[in-house]
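The values are calculated or read from the model by the stated rules, or taken from the named source; none is laboratory data. Just so it is clear, the model here is predicted, and its values are computed rather than measured. When we count neighbours, we look across all protein chains shown, and the Cβ atoms used for this are built from the backbone with ideal geometry, even at glycine.
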Amino acid sequence: MAKFIKGIILIVAVVALFNVLYDYGKGYYDIYQEEYKGTTTTYDGDDVVVVIPAGAPVKTTARILKEKGLIQFESAFVKRVQESDYRIKEGTYTLNTGMSTLDMIKAMSPVIEVEEKIDTLVVPEGFTIEQIAVRCERQGICSAQEFLNEINSVTSEAFPYLNDVPEGANVKYKLQGYIFPATYDIYPTTTAKSLVGWMLETFENYYTLDLQARAEELGYNSYEVVTMASIIEREAKVEEERARIAGVINNRLKADMPLQMCPTVLYPLTNGLYDQSRVYYEDLELESPYNTYKYSGLPVGPICNPGIACINAVLYPEEHNYYYYHVKNVEEGTHVFTETYQEHIDTQIIGGPNGITEDMLDENGNLKEGIIENDSDDDSDNDDASEDLDFE
């Protein structure tokens, strides 16, 4: 009988604990949903003054609001901004702890008198910071050096993703890979500072919480994602091959094989302008942490600014056994993918798209000294390349 009573007491205790935990969890869920989608506004809270810095990404704004006690869940606020038509502006605002997050967003997104657009800056997928700087100067938006100065002035406080850049990484520009390819309207008041801020905000809008969660699932930080995506951007020319090339990168990394991808040589070789379309054997000895022929693993950082399709290819790669590929059709930009080096060579010999003949191979079946065709995407507007701009 005593055991029966103890059993009943244990069951009651478990049920009570479950109810407490359920109520506790439901309470947090309700608060999260209220911040994510709620519209209740009481205004009986406390006024709080917040300062939003120029160019601050939405994640930074969310962190500021949480530190001020205005919200509890940064992710709910970020999702709400990303899914809205509002864009938070820099400035000093007086908010209230009784406001809904929607009202806070509206308060920090003041309607500014619409200016007349005077120009459009097109940043294609695969453009580098260096190429964007040249284009800005060519279009009279700002000088190339002004653009680069603003690129170098951004800190991790304003753009937290910079914390993913390895400390001491010998990169040209820490923001390479994060300047999002898009079409940007230019107004009379547009400056290098506002333009860089807009580009980083655009990256934030596209690199959603769902993509961040997928990257975390794969064990990647944002810097690794944009680095791999930048290689794919310069290598892939057709949509269906992006995820396949991502799979090749994964296979080579897992097998401790050097990536040996030509764009990682061309980036430092051309000072980021990609105004050269071929790589020679002597170029493979170029001393650069970007050179994946000389150094194993990923390059030290991104070699261009990738678009969302290549970022998705990194996060959802094709699984296969390919380790090699070469051009199949130059005009179409398609590739032949193979599992072994011998297949890689065999599919290029005599009449192949790369024009390799048997007399170009040594006794071991390897290519003799000569030209290595660059598979990278050279469709970007290289008319912007300029030899008289000295990038630091």
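Looking at GLY98, GLY126, GLY177, just one residue is more than 18 Å from VAL196 (Cβ to Cβ) and within 26 Å of the chain's Cα centre (by Cα), and that residue is GLY126.
Looking only at residues in region 125-160 that are hydroxyl-bearing (Ser, Thr, Tyr) and surrounded by fewer than 23 Cβ atoms within 10 Å (Cβ to Cβ), which one is farthest from GLY55 (Cα to Cα)? Filtering first and then ranking leaves SER143. None of ASP383, ASP378 is in a helix (DSSP H, G or I) and modelled with pLDDT under 55 except ASP383.
Can you spot a residue in region 41-52 that is modelled with pLDDT under 85 and surrounded by fewer than 10 Cβ atoms within 10 Å (Cβ to Cβ)? Within region 41-52, one or more residues are modelled with pLDDT under 85 and surrounded by fewer than 10 Cβ atoms within 10 Å (Cβ to Cβ).
Pull up region 214-243, narrow it to residues that are of a type in the set (Gly, Ala, Ser) and surrounded by fewer than 24 Cβ atoms within 10 Å (Cβ to Cβ), then point me to the one that is nearest to the chain's Cα centre (by Cα). Looking at residues that are of a type in the set (Gly, Ala, Ser) and surrounded by fewer than 24 Cβ atoms within 10 Å (Cβ to Cβ), I get SER222.
Name every residue in region 272-300 that is buried (at least 24 other Cβ atoms within 10 Å of the Cβ) and among the small types (Gly, Ala, Ser), in order of residue number. Selection gives GLY272 alone.
Here TYR178, TYR187 are screened, and the one residue that is aromatic (Phe, Trp, Tyr) and under 19 Å from LEU273 (Cα atoms) is TYR178.
Of the helices (runs of 4 or more DSSP H) entirely within region 96-195, those holding at least 3 residues that are at pLDDT below 95, more than 16 Å from ILE303 (Cβ to Cβ) and in the same structural domain as GLY38 (by TED's automatic domain parsing) occupy 101-107.
None of LEU266, LEU259 is assigned to a helix (DSSP H, G or I), assigned by TED's automatic domain parsing to the domain that holds GLY333 and more than 12 Å from CYS310 (Cβ to Cβ) except LEU266. Filtering region 56-73 to residues that are touching a residue at least 60 places away in the same chain (Cβ under 8 Å) and part of a loop (DSSP other than H, G, I, E, B) leaves ALA56, PRO57.
Does THR92 meet the test of being exposed (fewer than 13 other Cβ atoms within 10 Å of the Cβ), β-branched (Val, Ile, Thr) and out of contact with any Leu (no Cβ under 9 Å at 6 or more places or on another chain)? In short, yes. Residue count for region 159-174 under the criterion of being without any contact (Cβ under 8 Å) to a residue 12 or more places away in the chain and within 17 Å of THR128 (Cβ to Cβ): the result is 0.
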